[in-house]
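The values are calculated or read from the model by the stated rules, or taken from the named source; none is laboratory data. Computed from a prediction, not measured in an experiment: that's the story for all the values here. In this analysis, Cβ positions are derived from the backbone assuming ideal geometry, glycine residues included, and neighbour counts consider all displayed protein chains.
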Amino acid sequence: MSESETEAPSMQALSGRRWFVAALPLLIFLALAAIFLKQLLEGGDTREIPSVLIGKPAPEISLPELAGLKNSDGQPIPGISTESLAGKVSVVNIWASWCAPCRAEHPFIMELARDDRIQVVGLNYKDQNANALRFLAQLGNPFSVVGVDQRGSAAIDWGVYGIPETFIVDAEGIIRFKQIGPLSAKSYQEKFLPALEKAIAGTSG
C-alpha cells in the first residue's frame with residue numbers, strides 16, 4: 001500500500017471533523033431557535049425573556065395610518081404617535097396579516113377592545129396594505145389606533161423579538177408588561193389580565 005493511500009483515510013477523517021466543528025454553532029443556533037419558537041407558539045412564560053423596556057417610557061413613535069381603515073362612523077382611524085399613548089392605558093399589539101399566530105390570538109385582542117377603560121393600538125408590521133385591511137375585515141377590527149411599520153424600524157425600537165407581541169402601556173406612557181408570542185387562554189388569564197388590571201389601577205407591583 002502506498003503512502004498516499006494510507007494518508008487518504010486520515011485526511012478524510014480530519015476534513016469531516018473540521019466540517020463538524022464549523023457547523024456546530026449553526027446546529028446550536030437551530031436547536032435554540034426551535035425551542036424559542038415552541039415557546040412562542042405555546043404562549044410561553046414571558047419572564048424567561050426579560051425586556052429592558054419594562055418600567056421605562058415607551059419609545060418615541062410616529063407611524064402613518066393604515067390607509068383605507070375606518071371606524072364604525074366612517075372616519076379614518078389615525079396612525080400611532082407618542083401622544084396617542086398618553087392619558088389612557090394602552091394595549092399595543094404588533095401584528096401582520098401573514099402571521100398565523102396573530103390570527104390565532106385575535107379573539108383575545110377583540111375581547112380587550114370591549115373594555116372602555118383601555119385603548120387597543122395596532123402596530124401593523126411589514127405588511128401589505130390590502131392584506132392588512134382584508135385581515136381586519138374578516139376577523140374584526142379591535143384597534144382604535146393603527147400605525148403601519150413598513151420597514152420594521154419602530155418594532156426594533158420597541159425591542160420586538162418576533163410577532164405577535166403585545167405591550168401594556170400605562171396612562172403615563174410607561175411600559176408595564178410585554179407578552180412575547182401569541183396570547184393563549186392560559187397566558188391571557190394568568191398573566192396578561194392581572195398585569196392589565198394593575199396598569200389600570202395605577203400600580204406597578
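Yes or no: Phe167 modelled with pLDDT of 95 or more, touching a strand residue (DSSP E or B) at 6+ places or on another chain (Cβ under 8 Å) and in a loop (DSSP other than H, G, I, E, B)? No. Tallying residues that are part of a loop (DSSP other than H, G, I, E, B), among the polar types (S, T, N, Q) and closer than 17 Å to Leu85 by Cα within segment 112-150 yields 1. Criterion applied to Asp157, Asp149 was being under 17 Å from the mean Cα position of the chain (by Cα), closer than 18 Å to Pro78 by Cα and acidic (Asp, Glu), and the one residue passing it is Asp149. Annotation note: of Ile109, Ile94, the sole residue that is outside any strand (DSSP E or B), hydrophobic (A, V, I, L, M, F, W, C), in contact (Cβ under 8 Å) with a residue 12 or more places away in the chain and within 23 Å of Asp157 (Cβ to Cβ) is Ile109. Being at pLDDT below 95 and in the same structural domain as Ala67 (by TED's automatic domain parsing) holds for only one residue in Gly162, Gly147, Gly140, Gly181, and it is Gly162.
In the condition set (1) surrounded by fewer than 22 Cβ atoms within 10 Å (Cβ to Cβ); (2) at negative phi; (3) touching a residue at least 40 places away in the same chain (Cβ under 8 Å), Gly68 is compliant with all but (2). Taken as a whole, the structure leaves Ile163 outside the set of residues that are closer than 16 Å to Ala195 by Cβ, of a type in the set (A, V, I, L, M, F, W, C) and surrounded by 23 or more Cβ atoms within 10 Å (Cβ to Cβ). For Ile118, the test of being assigned by TED's automatic domain parsing to the domain that holds Asn93, buried (at least 16 other Cβ atoms within 10 Å of the Cβ), in contact (Cβ under 8 Å) with a residue 12 or more places away in the chain and farther than 25 Å from Asn71 by Cα is failed. It is to be established whether one or more residues within segment 170-177 are assigned by TED's automatic domain parsing to the domain that holds Ser62 and either under 18 Å from Cys102 (Cβ atoms) or without any contact (Cβ under 8 Å) to a residue 24 or more places away in the chain (or both). No: segment 170-177 contains no residue that is assigned by TED's automatic domain parsing to the domain that holds Ser62 and either under 18 Å from Cys102 (Cβ atoms) or without any contact (Cβ under 8 Å) to a residue 24 or more places away in the chain (or both).
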